[in-house]
Every structure is written in structure tokens, then in C-alpha cells.
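Bear in mind these aren't lab numbers, they're just calculated from the coordinates by the rules spelled out. Not measured: the values here are computed from a predicted model. Methodologically, a virtual Cβ is constructed for each residue, glycine included, from the backbone with ideal geometry; neighbour enumeration extends over all protein chains shown.
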Ligand code: TYM
């Protein structure tokens, strides 16, 4: 069976961007033609400083978010990365396959490092090679991600191809990024040219999965828009990034399309559309955040589920790592 792999970093709280761009789509791929493996990538989180206690909490929060949104540990493998040491081991091999020039082209690294590239961790720089290991350790062919991860999944293909070429094998498969639907790039509510992220300065920029109804309503109410009402056609949203973003969010929450949302709300003003959007968001998110809270009240149970998932993950990963070691020429007794 073809396999799906994806992951989320436990670095701060989950946002609506993570939900619509990733988790909701992970759920959509569960229980069908794919075997689904979803990871909480704690080793990626520490590429920037994480307080140890907060890292543990954030790891459980991502796991709770997965399950509250509908990922089922009997249907998908759910685990945290650091419990499967093969990720680090294959990551090292890929550090020796990937080229420095490839890393230098990663736009996310350039954005995150900014003018401070001398001071960031070596791990942040090498991160895409660990991400390639995450995926290829399961021979995963489909990787559902948001738009911002596309370049990293493409790099995964380059690493697989170079490995296969250098060692003259046909071992690692070609991986497809799966980037579909209206919410693969949810934007910041205060600036429609920037991505909504866990780490943006102001909390008003983002909806957190654990925000209560009042907060959600307030954030949409204060979201930046333009003075014009909603247009008659999607074309009318061109060069209106904030307006486009709210329409995209509405359609993703409602399993609809931006076209259908425009058809329904053509001519509506923001005073009408924003509260409707807030109500929809609350209706969709409240049951999930309540379930997240409930799950997080029992950390031992979450830890048990992750340990169980890690056991299953090792069952797939370790044989693939072993074959990789044989290909590379590492001796084992
Ligand atoms: P991370 O933790 O930054 O984000 C997790 C997932 O959420 C998506 N996402 C968004 N989608 C739409 N709009 C947004 N504003 C938004 N913000 C985040 C991301 O695209 C991602 O799919 N490197 C990855 C984690 C990772 C991974 C992997 C993913 C590590 N190994 C292997 C796939 C396969 C990351 O930092 O995602």
C-alpha cells in the first residue's frame, strides 16, 4: 500500500493554518487507499530554542490536536519523532548526501535566519535533510503539507535521487507533495501578505486551535480588510490579499470552494461576512478544542498512545534503515 507521511513541529500552539493546511487534510487521507503515518516532529522543534517543559506540553498538544480533529491511533500511526531513533540515523546519512548549495537555496532558512545566519543553530540549516529522512524512512510517496513546505518536499526528491544514483540502487521512491484545497497558505489576519504562523509577534494575527469563541470572534472582527464589499466573482479578489484570505478560510472550514462562497456572499459587506465567518469558525473549532482540552487533561494516556505509535513506526522504519546501512556499506555484527 502506498504510504503517507507528514508531521507538525511542537513549537508553540497549533494555529488555524496548521489545522486547515495540514491536520484536516491528514484526516481526509486516513482510512482510504493509504497507510498513514503522522508524526509530532520534536527533533525539528529544537532547531530553535525550546523550553523543555513547554516542548513536552506542545508535543502533547499536537498529539491531542491530531486526535481531536479525527486522527485515530488505530487507523493511523501517531508518534513523536524522537522515540524512533532511525530518524536521526538516516538524517545523518542524508547530511552526507545533500549538498551545502542545496541548503543555501532553501527560502524558509533564509527567512528564518535573516541577517543573523551566523548565529542560528547548525540544526536549523540541516533541517530539510532531517525532513527528507522523516519521509523516506517510511518510503512514503505522498506528503500532505501546506504551500510553505513544498520546497522541502522537492528537496526530498533530490536527496532520494542522488542517493539512488550514487549507490546505483533503486531504493528510495519519488515523493509527491500533496498541496490541495483553498487553505494551503492561510495568511496572517493583520497582514495578508504574510503567512499565519505559530510564532508571529501578535496573537491577533492568528487563530489558535485552543482559542475560545470570544477570542475567535474578536480576532475576525479586528482582521484587516479593505473598504470594498465582497465581489461578484473570484476575479474581484485579485490584489485583495486580506479579503481573499477570509474567503479562503471560510471555504476551507465549510468544505466548499472560494467560488461558491463568493456566489453566496456577492455584495455582502465585512460587517456581515466577518461575524458569519466567526460563527462558522467557532462551530467547527469549538468541538475540536474541547476534545483537545479533555485529552490534555490525561497526559499519561497521550504518552501511552505516542509510545504505542512509535513501536509501530519502528516496525516500518528499522528495516528500511537496516537496508540503507547495507547499501552504504556499514558493518553490523
Ligand atoms: P510546521 O510545523 O511549520 O507546520 C505544520 C504543517 O502546517 C502547515 N502550515 C500551514 N498551512 C497553511 N497555512 C498556514 N499558514 C500554515 N502554517 C503551517 C505546514 O505547511 C505543515 O504542513 N518542516 C515541517 C514539519 C515536518 C514535516 C516533515 C512535514 C518535519 N518533517 C515531513 C512533512 C513531512 C514544518 O516545519 O511544519
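Per-residue answers, yes or no, for (1) under 30 Å from residue 242 (Cβ atoms); (2) within 12 Å of the ligand (Cβ to nearest atom); (3) crowded, with 18+ Cβ neighbours inside 10 Å; (4) without any contact (Cβ under 8 Å) to a residue 40 or more places away in the chain:
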| position | (1), (2), (3), (4) |
| --- | --- |
| 116 | yes, no, no, yes |
| 119 | no, no, no, yes |
| 130 | no, yes, yes, no |
| 136 | no, yes, yes, no |
| 142 | no, yes, yes, no |
| 152 | yes, yes, yes, no |
| 166 | no, no, no, no |
| 183 | yes, yes, yes, no |
Looking at residue 39 and the list (1) more than 9 Å from the ligand (Cβ to nearest atom); (2) farther than 20 Å from residue 182 by Cβ, which single condition is not satisfied?
(1)
In the stretch 196-253, the residues that are in contact with a strand residue (DSSP E or B) (Cβ under 6 Å, 6 or more places away or on another chain) and either surrounded by fewer than 20 Cβ atoms within 10 Å (Cβ to Cβ) or part of a loop (DSSP other than H, G, I, E, B) (or both)
196, 198, 206
If you go through the stretch 154-164, how many residues are in contact (Cβ under 8 Å) with a residue 40 or more places away in the chain and within 13 Å of the ligand (Cβ to nearest atom)?
2
What is the residue count in the stretch 96-109 for residues that are away from the ligand (no atom under 15 Å from the Cβ) and in a helix (DSSP H, G or I)?
4
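Go through the stretch 254-267 and give me each residue that's assigned to a helix (DSSP H, G or I) and either buried (at least 17 other Cβ atoms within 10 Å of the Cβ) or in contact (Cβ under 8 Å) with a residue 60 or more places away in the chain (or both).
Once the filter is applied, which keeps residues that are assigned to a helix (DSSP H, G or I) and either buried (at least 17 other Cβ atoms within 10 Å of the Cβ) or in contact (Cβ under 8 Å) with a residue 60 or more places away in the chain (or both), the stretch 254-267 yields 258, 261, 262, 265.
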If you go through the stretch 61-72 one residue at a time, do you hit one that is in contact with a strand residue (DSSP E or B) (Cβ under 9 Å, 6 or more places away or on another chain) and within 9 Å of the ligand (Cβ to nearest atom)?
yes
